[in-house]
Amino acid sequence: MTLATATKRSARGPRERRPADHGAWFLVLPALIPILVLSVGPLLYGIALAFTDSQSGRTEPTQWVGALNFQDLLHDTLFWDSFRIGLLWAFGVTVPQFLLALGLALLLNQNLRFRWLARALAIIPWAMPEVVVGIMWRLVYHPDAGVLNETLSNLGLGEGKDWLTGTSTALLAVIVVGVWAGMPQTTVALLAGLQNTPRELHEAAAMDGAGAWRRFRTVTWPAIKPIALAISALNFIWNFNSFALVYVLTQGGPGGRTRLPMLFAYEEAFRYGQFGYAAAMGCVMVAVISVILACYLVGRLKGGDEA
């Protein structure tokens, strides 16, 4: 083959690959269009709305107010209280959710009798809608006829409490429900990682005299660490953006003790009609989530570089 022929073939190569690239974009469009229409579009509209004085029932045209909503937000102590409660809720749910899911995944990964039944029962909370979960736990926490108070009374552990309306117990009560409702999806993810870990590594570590804890630290954890970090980051974001579960349980009460940022923005928008101000709250929450995702991605890139 002459140099001229090789040059012609190399010149034709990129041109011949272009139709394949266009075809790939054509195949991606059916999934990309709903994302642009239902996610990116409303997000951009919400960001633009945050710089206006949009209100419900307003007869005057909506005007551009710049960063006025964000300036008011900086001095809104109620919003920052809800933001603090949202962080407490997100950490309070995500951390025990992960620890309990890890223990359950390790248990379900063992060769136990009726393991299939235990795995099926473990994912039941995941299959239930959040509204149903909230109604069910409201019955559990009911001050007069709830299962929890009845059990405590029968065990002689004190009189019943009004768990969801008590200022000292409401946040803890909804955190327990959040952990119970979200633990199955974390368990499934971690169990998948455990099942993909080669058993030969465990056997080799056991032959070298490594105990259960050492095998977990040197074999199991490195294998499931990427999955653990990913599911923890997603859980934190989902928990921080929670709405339906807490709304059904407490509607943000008592006295705002369980008013998460999403609940506060909902009230400002649909109870008081302050659409522009609520959109500014949404922008702040999007910024927080973006920072969390950026930290996660930076950590993953550094981990990849080290590998």
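The values are calculated or read from the model by the stated rules, or taken from the named source; none is laboratory data. These numbers come from a predicted model, not from an experiment. Using ideal geometry, Cβ is built from the backbone for each residue, glycine included, and neighbour counts are taken over all protein chains shown. Remember, those area values only see protein heavy atoms, side chains included, never the ligands or the DNA or RNA. Shrake-Rupley method; radii C 1.70, N 1.55, O 1.52, S 1.80 Å.
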Tell me, what HN-Hα J-couplings in whole Hz come from the Karplus equation 6.51 cos²θ - 1.76 cosθ + 1.60 at θ = phi - 60° for each residue of the stretch 48-62, using x for Gly and Pro?
5, 5, 5, 9, 10, 9, 4, 9, 7, x, 7, 8, 7, x, 5
Tell me the label-point distance for the pair Leu32, Val298, using the 7 Å Cα-to-Cβ offset, in nm and rounded to one decimal.
3.0 nm
How much length is gained on full extension from Leu100 to Leu44, taking 0.36 nm per residue of separation minus their Cα-Cα distance?
16.4 nm
Loop-only check: which GluC sites (Glu not before Pro) in the stretch 117-208 are DSSP coil with at most 10 other Cβ within 10 angstrom?
Glu159
In nm, to one decimal, how far is the Arg217 label point from the Leu152 one, both placed 7 Å along Cα→Cβ?
3.9 nm
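Treating the beta-carbon of each Lys and Arg as +1 and of each Asp and Glu as -1, no other charges, what is the dipole magnitude of the stretch 147-226 about its Cα centre, to the nearest 20 debye? Intermediate values should be presented prior to the final figure.
Details: 6 positive and 6 negative charges, 72 e Å.
Using Cβ point charges on Lys, Arg, Asp and Glu, the stretch 147-226 gives about 340 debye.
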Given a Förster distance of 35 Å, report the FRET efficiency between Leu107 and Phe70 from their Cβ-Cβ distance, rounded to the nearest 0.05.
0.15
Mind checking the stretch 72-170 for chymotrypsin sites (Phe, Trp or Tyr not before Pro) that DSSP puts in a loop (not H, G, I, E or B) and that have at most 14 other Cβ atoms within 10 Å?
Phe114
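Exactly which trypsin sites (Lys or Arg not before Pro) in the stretch 100-202 are in a DSSP loop and have at most 13 other Cβ atoms within 10 Å?
Details: sites: Arg113, Arg115, Arg119, Arg138, Lys161, Arg199; in loops: Arg113, Lys161.
Of the trypsin sites (Lys or Arg not before Pro), the ones in loops of the stretch 100-202 whose Cβ has at most 13 other Cβ atoms within 10 Å are Arg113.
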Once the Cβ-Cβ distance between Glu159 and Arg138 is put in as r, and R0 is 25 Å, what FRET efficiency do you end up with, to the nearest 0.05?
0.80
In the stretch 188-290 the accessible area split gives carbon plus sulfur, as whole percent at 1.4 Å, a share of 60 percent
Among Thr52, Thr258, Thr77, residue whose mean-square fluctuation peaks in a GNM of the chain (springs only between Cα atoms under 10 Å):
Thr77
For the chain, the charge dipole (Cβ of Lys, Arg +1; Cβ of Asp, Glu -1; about the Cα centre) points to a positive end, and the Cα of Phe114, Gly146, Ser232 closest to that extreme belongs to Phe114
Looking at the chain as a GNM with Cα springs under 10 Å, which of Ala205, Ala294, Ala24 has the largest mean-square fluctuation?
Ala24
So how strong a dipole does the chain carry about its Cα centre when Lys and Arg Cβ are +1 and Asp and Glu Cβ are -1, to the nearest 20 debye?
1440 debye
Stretch gain in nm, segment Phe91-Leu229, where the contour uses 0.36 nm per residue and the Cα spacing is subtracted
48.3 nm
Using only alpha carbon pairs under 8 Å that are at least six residues apart, calculate the relative contact order of the chain and give it in whole percent.
28 percent
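Given R₀ = 22 Å, FRET efficiency for Thr62-Val291 by Cβ-Cβ distance, to 0.05? Present the calculation step by step, with values, prior to reporting the outcome.
On the way: r = 30 Å, r/R0 = 1.35.
Computed FRET efficiency for Thr62 and Val291: 0.15.
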Given a 1.4 Å probe, the accessible area of the chain per residue, as a whole number of Å², is 62 Å²
If every Lys and Arg gets +1 and every Asp and Glu gets -1 at its Cβ, then about the Cα centre the stretch 182-307 yields a dipole, in debye to the nearest 20, of 220 debye
With springs connecting C-alpha atoms under 10 Å apart, model the chain as a Gaussian network and identify which of Pro61, Pro226, Pro143 has the largest mean-square fluctuation.
Pro61
Stretched out fully, how many nm does the piece from Asp81 to Trp180 gain, at 0.36 nm a residue minus the Cα gap?
33.1 nm
